[in-house]
Each structure stands twice: as C-alpha cells, then as structure tokens.
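Have a look at the structure below before the remarks.
The values are calculated or read from the model by the stated rules, or taken from the named source; none is laboratory data. Treat the numbers as computed from the prediction; the structure is a model and nothing was measured. With ideal geometry, Cβ positions are generated from the backbone for all residues, glycine too; neighbour counts draw on all protein chains shown. Ligands, DNA and RNA are stripped out before the accessible areas are found, and what is left, the full protein with its side chains, is counted by its heavy atoms. Shrake-Rupley method; radii C 1.70, N 1.55, O 1.52, S 1.80 Å.
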Amino acid sequence: MHVELRSPLRRFGFGGACLIVIGSYLLFAGRAFVAAHLAAKPDLPNIQRAMQLEPSNAEYPALLGGFLALSGAGLDGAISNFRTAVHLNPYESRYWLDLAGVYQVAGRTDEQAQSVEQAVKADPTTPHVAWAAANLFLVQGNLSKALPYFRIVLANDPDTVDDALRLCWRASGDTNQIFEQALPRRTDIYLRFLNLLVSKQEVRPAENAWDHLIGLQQTFPPKLTFPYFRLLIAKQEITAATTAWEQLAQIDQQMQQYLPSRENLIVNGGFEETLLNGGFDWWYESNPHAALALDADQFYRGTRSLSVTFDGRNAPEAGILQFIPVKPDSDYEFSAESRTQDIDSASGPRFAVTDAYTNSSYVLTDDLLGTNPWHKQQARFHTGPATNLLFLKVIRQPAAPLIRGKLWIDEVRLVETSDRGAGR
C-alpha cells in the first residue's frame, strides 16, 4: 500500500506513530533483555526484579521457587511460586515436576501425585516425565497407576527398557499384570522381558511370557529366543521346549527347515541349512584345535557336509552337539556318513548318543582313523524308561591323545524303528 504524505502535518504525524511503535518494541525487548540478564545471576533480588519486569513469564517464578526450595527459606514460598509458574504456563512439564518435588519434601503426597499427573498430561510421551510418575506411584504402593506410566517409558526410551522391566517385575511378580498394564505390544519389548525372566531362572513366568510373545503372531530373530530354550532344556521342560520350537516354525517360515520329522529326528542332519547354534539345531563352540566348517567341495549327499580339522594338539571333542527329544522305552536307529583324511592319533573321533540328563550312553561308534572314503556308521538302541532327551556329540574316548587330520560328516540320522515298523 502506498501512503502519500503531502503536508508537513501528515508527515509529522506518521513519524510520531512510527516512533511510538518502535519505542514500544524497544521497551518490551529491553525489559525482556534486562530480565533475562538479571535471571542469569539467580540471587533473590535479581529474580524478583526479573519478575517485576516480566510478570507474565513463567520461567521467573519457577526460578524463584527453586531458589527458595534450595536455600531453605521456606517451602510455602517455593510452592506459591511454582504454582504461579504452572498457572502462567501449564504446558511445561518441568514446572509441574518441580512443584511435585516440593510437595514431596513438604509431605503433601496427594498434591505431589496430582502435580506429577499434570506433568504427564502436559508432556504425555516424554519418557523422563513418565518415569518420574511411574516411580512416584511405585513408591506409594499404587502399582495399578505406576504400570501404565512404565508403558510410556518402555515405548519411547530404549535405553531404560531393562531398568523399567526389572522394576515392573520386582514390584509385581505377575506376568499377566505386566503384559496387560505395562508392556507395549511389541516383539522387542516382549523378548527383553522374556530374557529377563530367563536370567532369573523363572520357568513358569518365562513360559507365560513366551505364550504372549507367540500370541503377537509377528516374526523376530530366532536366535533371541535361544536363552529360553537353554533354560527349558536345563530344567528338563522338554514338552514345553518342543512345543515352543514348533510354534517358532509356525510364525517364521524359514524355521520350517529346522523341524524334526518321522524320517529323521535330527535337525539339519545334512548340514544344508545355516547352523543356528541353539534350540534344537546344532550347537557349536570355538575350539582352536578342532576347526569346524561347512564344506561345499566334499559331501555324501546334497551340496555340503560338516568338516572338522584337527591341528595336531589335544582336542577332546569336535565342539558340536545337538539335543534330540525322544520317547522313553522306545527303539531307535542312529546312522551317519563320515569320511576321513590322514587322521593320526591313538584315539580318533567317534559319534556318541547319550541321555542328556543321566549321561547314560546309548551309542558310541568305533573311532575314525587314517584315510577312508565315505562310509556309514550305524547303531540301534532302546531308550530307558525315563529318557526323553538325548544329545549327539562327536567325541574322543579317551580324550587326551594328540590328534591330526580331517573328518567330514554328512547325512546324520535318527529314526524311531518301532514307530516305523508299526506304520508298515
């Protein structure tokens, strides 16, 4: 818009209006600058002067409230100033939390709780605000109020997940309550809680947590569940472990390759799949004197085999095993293809099938020495009345002599012969 100023009077009037606007702005900015400068040196006179210059700025009564609370000048004055701050700006959670802190010191627990709840309303997704609320109600023994605030923390702050889960478990000890009130419906959170229970050897709660995890019907890295299977196997919960393994395969199609079958109870017996190192697949461990590798150049069937290279030192075993659920009082047949090259030792490697809990031996094959083409090792056995889990290892017996050379393993099988006979 173009304004024509033809007369001196109009020019003078316009100039005066501009000066008034500029002067008002400078006065306002100057007051704010002076107030901020005074508050930067937070002693009592400076803060009070800053409040006089900017009475609508909530920061200054909050600053005065903190000063009074820390100086011991009296809690009433601190509470009054913090109340002024939250009145001027009810959307700043920090003011509400500071007010709650002063109420706590004053022993006014009801007002403290109300202030914390107002802080969460002002900032509903910030983890440290929810953390303060959760811990307040936890201290007060109000678990039903605390747990939903832990849900906010768990959903928004990955760095405090483990601490929050430990607090929830310590306070409640009820997995159903924790899942219903505290845990976001996320596989990563459920897995962290499951593994917390595993670390505490809590078998039944861990089984409950597993059911909730499977109930999400979402995929997740299977290796994250292997501590759970280790716990179940250690506690002889074989039915629960086999059911969980089947459930894992139901929600993750890739795990279908790791299920036992009537034709072979050993998982991945041809070593065609990646070794998972847990669950009911092969477990392995590093051994500097017995190097394990998947070999695509040598195999009996399929596309590869497992090789074990002995370096000439003492290696009591190959460092690989598999747990195999079986039936008590039943007939089985074990077989495996093996090939050797230049194995030199007074005690060569052998296949051993043993009860996982009693160490009762069911199969111990002849030791493998020298250089031999692929040939089958085979044995039949009958499980004892209480045997429900075997483990298969490649061991040396006796274990002490030095050993050099290379072994290949393929087509490792275990079948229930009585069951096969009944089906014919």
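Structure notes:
- Condition check for ALA400: at pLDDT below 95, of a type outside the set (Asp, Glu) and not in a strand (DSSP E or B): yes
- Residue match in segment 253-260 (condition: touching a strand residue (DSSP E or B) at 6+ places or on another chain (Cβ under 9 Å) and assigned to a loop (DSSP other than H, G, I, E, B)): yes
- Near pairs, Cβ below 6 angstrom, 6+ apart or cross-chain, from segment 112-141 (within 17 Å of ASP159 (Cα to Cα)) to any residue that is in a loop (DSSP other than H, G, I, E, B) and open to solvent by 20 Å² or more (accessible area, probe 1.4 Å): PRO127/ASP157; VAL129/ASP123
- Residues within segment 89-112 that are open to solvent by 50 Å² or more (accessible area, probe 1.4 Å) and either hydroxyl-bearing (Ser, Thr, Tyr) or in contact with a strand residue (DSSP E or B) (Cβ under 9 Å, 6 or more places away or on another chain) (or both), tallied: 2
- Going through (1) more than 17 Å from ILE324 (Cα to Cα); (2) touching a strand residue (DSSP E or B) at 6+ places or on another chain (Cβ under 9 Å); (3) β-branched (Val, Ile, Thr) one by one, THR219 falls short only on (2).
- Only one of the numbered conditions (1) under 42 Å from the mean Cα position of the chain (by Cα); (2) of a type in the set (Lys, Arg); (3) closer than 30 Å to GLU237 by Cα is not met by LYS406, and that is (3).
- Residue match in segment 366-374 (condition: touching a Ser or Thr at 6+ places or on another chain (Cβ under 8 Å), within 26 Å of ALA234 (Cβ to Cβ) and modelled with pLDDT of 95 or more): no
- A single entry from PRO328, PRO349 fulfils the requirement of being buried (at least 17 other Cβ atoms within 10 Å of the Cβ) and more than 20 Å from VAL267 (Cβ to Cβ): PRO349.
- Per the conditions (1) in a loop (DSSP other than H, G, I, E, B); (2) of a type in the set (Asp, Glu); (3) modelled with pLDDT under 95, the sole criterion not satisfied by ASP419 is (1).
- Screening LEU265, LEU294 for residues that are open to solvent by 30 Å² or more (accessible area, probe 1.4 Å) and outside any strand (DSSP E or B) leaves exactly one candidate, LEU265.
- Some residue of segment 256-266 being touching a Ser or Thr at 6+ places or on another chain (Cβ under 8 Å) and more than 18 Å from HIS375 (Cβ to Cβ): no
- Considering (1) open to solvent by 10 Å² or more (accessible area, probe 1.4 Å); (2) touching a Phe, Trp or Tyr at 6+ places or on another chain (Cβ under 9 Å), the lone condition that ARG301 does not fulfil carries the number (2).
- Top-ranked residue in segment 352-384 [being without any contact (Cβ under 8 Å) to a residue 40 or more places away in the chain, among the hydrophobic types (A, V, I, L, M, F, W, C) and part of a strand (DSSP E or B); ranked as least open to solvent (accessible area, probe 1.4 Å)]: VAL363
- The condition of being surrounded by fewer than 19 Cβ atoms within 10 Å (Cβ to Cβ) and either modelled with pLDDT of 80 or more or in a helix (DSSP H, G or I) (or both) holds for only one of SER115, SER80, that being SER80.
- Segments classed as helices (runs of 4 or more DSSP H), wholly inside segment 123-238, with at least 3 members that are open to solvent by less than 30 Å² (accessible area, probe 1.4 Å) and out of contact with any helix residue (DSSP H, G or I) (no Cβ under 6 Å at 6 or more places or on another chain): none
- Selection count, segment 276-291, where residues are crowded, with 17+ Cβ neighbours inside 10 Å and farther than 18 Å from GLN377 by Cβ: 9
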